[in-house]
Amino acid sequence: MTEIAVIGAGLMGHGIALVLALGGHRVRLTDSRAETLAQVQGLMASALDTLREAGAVGADWTAERLAGAVRLSPDLAETVAGARLVIEAITENPEAKRALFGELDRLCPPETILASNTSYLDVFPLIPAARQSRAIVAHWYTPPYIVDLVDVVPGPQTDPAVVEEVRALVVGLGQVPIVLKRFIPGYVANRIQSAISAEVYHLLDEGIATPREIDDAIVHGLSLRIPILGHLAKADFTGIELLRHALANASYSPPPARTRSEALDALVEEGRTGVMAGRGFFDWGGRDPADLFRDRDRRLLALKQAMKAVGRMEGR
């Protein structure tokens, strides 16, 4: 059991705290916004209900037990005191992160591991030099209590023992770490997702397909095979020679890099900003966002359990 502090109780932070608590660790959670911290207990309890209903956690995991496992505090110094590992999950703003790491340098003893949940920022230049050997990225995906992937990324000076300690912690949570050799924005999954998004925005902006048609192609085409084979194992079944011919014949030309999309701009101008607004690419029927998140989580858990029963085809 490890004492772990999580800083930032928003969408990712409270989910990471829940994962760590369920993994048997003592967790302390803080946020600079009192209103965010006030919502945390209810959000974690709701997620725990969903996990318990799906049989993903035992019936002994009650809201009361969770409240004892994750202690909330508005005070940063109190939160990090004695923590073996501190995970930063605040806004993706470099100056905010730089200021926080400066505070952590003052508050934490030298042996504390400082980890960041950043998705795209290279945080290592933002961390004081004396802390570089104990600095690392530990990046979860939404929702972290269901999606098992965790990116573990060392900085240029990170001690290999720190990398192994964080990797082992993730394995101990029942999750799947991938250890990158060095930092690259977006890591692996988000970079692949960004490439998909670039093509999706091209198809939308050129009027080639509708949002529904694009999602149907993904759900009924790509998604059926990816959970069983991944991408490169699927390539083995397609045949490497065929893929080499396709590449040589330039049968696909990626769309040019873009910094904006007409489709996205139009949605934002209309106030269609996603589930929290009730509408985005799709109309979510005036449903409470909390109900939509629970519905998503239940479906993800059911799929995860089915995938575990089916099994994955893996080569060596």
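The values are calculated or read from the model by the stated rules, or taken from the named source; none is laboratory data. Bear in mind the structure is a predicted one, so any value in this text is a computation, not a measurement. All Cβ positions, even for glycine, are placed from backbone atoms using ideal geometry, and neighbour counts span all protein chains on display.
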Within the stretch 78-154, strands (runs of 3 or more DSSP E) holding 2 or more residues that are in the same structural domain as residue 23 (by TED's automatic domain parsing), touching a Lys or Arg at 6+ places or on another chain (Cβ under 6 Å) and at pLDDT 95 or above: 113-116
Among the residues of the stretch 218-239, are any farther than 25 Å from residue 121 by Cα and assigned by TED's automatic domain parsing to the domain that holds residue 115? no
Is there any pair linking a residue in the stretch 157-186 that is farther than 18 Å from residue 135 by Cβ to one that is of a type in the set (S, T, N, Q), with Cβ under 7 Å and at least six apart or on different chains, and which? 186/119; 186/194
Residue count, the stretch 186-231 (criterion: more than 20 Å from residue 151 (Cα to Cα) and either in contact with an Asp or Glu (Cβ under 6 Å, 6 or more places away or on another chain) or among the charged types (D, E, K, R) (or both)): 8
Which numbered condition residue 67 misses (of (1) outside any loop (DSSP other than H, G, I, E, B); (2) crowded, with 17+ Cβ neighbours inside 10 Å; (3) among the small types (Gly, Ala, Ser)): (2)
Candidates 173, 107, 114, filtered to the one that is in contact with a Cys (Cβ under 9 Å, 6 or more places away or on another chain) and not acidic (Asp, Glu): 114
Among the residues that make up the stretch 3-24, is at least one of them in contact with a strand residue (DSSP E or B) (Cβ under 7 Å, 6 or more places away or on another chain) and over 30 Å from residue 191 (Cα atoms)? yes
